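Working notes for the structure below.
Read the figures in this text as sums done on the coordinates, not as results from a lab. It should be emphasised that the depicted structure is a prediction, and the values quoted were computed from it without experimental measurement. Here Cβ is always computed from backbone atoms with ideal geometry, including for glycine, and neighbour counts include all displayed protein chains.
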Amino acid sequence: MTRPPLPLSAGQNLGTRTIGPITRTDIIRFAGAGGDFNPLHHDPEYALRAGLPGVISMGQMQAGMLAAWLTDVVHVEHLLTYAVRFASPLAVGEALELTGRVESVLGDIAETTLTASVADRVVVSATARVRISPTT
């Protein structure tokens, strides 16, 4: 059963969600699910030799969390496009704050901007187009 699209308007904030702190187990479980066994994501010594503060999460993990949050808000069946830009790594112990905003509305389509941040540092930014309930 398809849920009806939500009424959204330009300038509307989509709320926030905090996830974390991220654990090494979270990262390893995601690596297993996605098959990404780059040692940057599970081997602390390797990550340190690469110049990182320790194990980092794979960007797709944060991008997936951001997409999941958005589809919880607008319902997955109304997501039309989703594009991400990876800005900085996410380390063990950090918590992500997910936020979004409706930038514009044209007919029954809303253009949104989304961010996954740690404090003031953007980890992933994204744009998405979603189907909305037309205003009357």
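When residues of region 1-24 are filtered for being more than 19 Å from the chain's Cα centre (by Cα) and exposed (fewer than 13 other Cβ atoms within 10 Å of the Cβ), how many remain? Full working, then the answer.
Just the residues of region 1-24 that are more than 19 Å from the chain's Cα centre (by Cα), to begin with: 1-11.
Still in the running and exposed (fewer than 13 other Cβ atoms within 10 Å of the Cβ): 1-4, 9-11.
Residues in region 1-24 being more than 19 Å from the chain's Cα centre (by Cα) and exposed (fewer than 13 other Cβ atoms within 10 Å of the Cβ): 7 in total.
Which numbered condition trips up His75, out of (1) surrounded by fewer than 16 Cβ atoms within 10 Å (Cβ to Cβ); (2) under 16 Å from the mean Cα position of the chain (by Cα); (3) within 30 Å of Ala110 (Cα to Cα); (4) not polar (S, T, N, Q)?
Every condition holds for His75 apart from (1).
Please determine, by comparing only the residues of region 105-131 that are among the charged types (D, E, K, R) and in a loop (DSSP other than H, G, I, E, B), which one is farthest from Gly64 (Cα to Cα).
Here is the first cut: in region 105-131, the residues among the charged types (D, E, K, R) are 108, 111, 120-121, 129, 131.
Filter once more, so that each one left must be in a loop (DSSP other than H, G, I, E, B): 108, 120.
On the way: Asp108: 25, Asp120: 20 Å.
Here the residue is Asp108.
Identify the single condition in (1) small (Gly, Ala, Ser); (2) free of Cβ contacts under 8 Å to residues at least 60 places away in the same chain; (3) under 23 Å from Leu8 (Cα atoms) that Ala87 does not satisfy, given that it satisfies every other one.
(3)
When you go through (1) within 30 Å of Pro4 (Cα to Cα); (2) touching a residue at least 40 places away in the same chain (Cβ under 8 Å); (3) of a type outside the set (A, V, I, L, M, F, W, C); (4) surrounded by fewer than 16 Cβ atoms within 10 Å (Cβ to Cβ) one by one for Tyr82, which number turns out not to apply?
(4)
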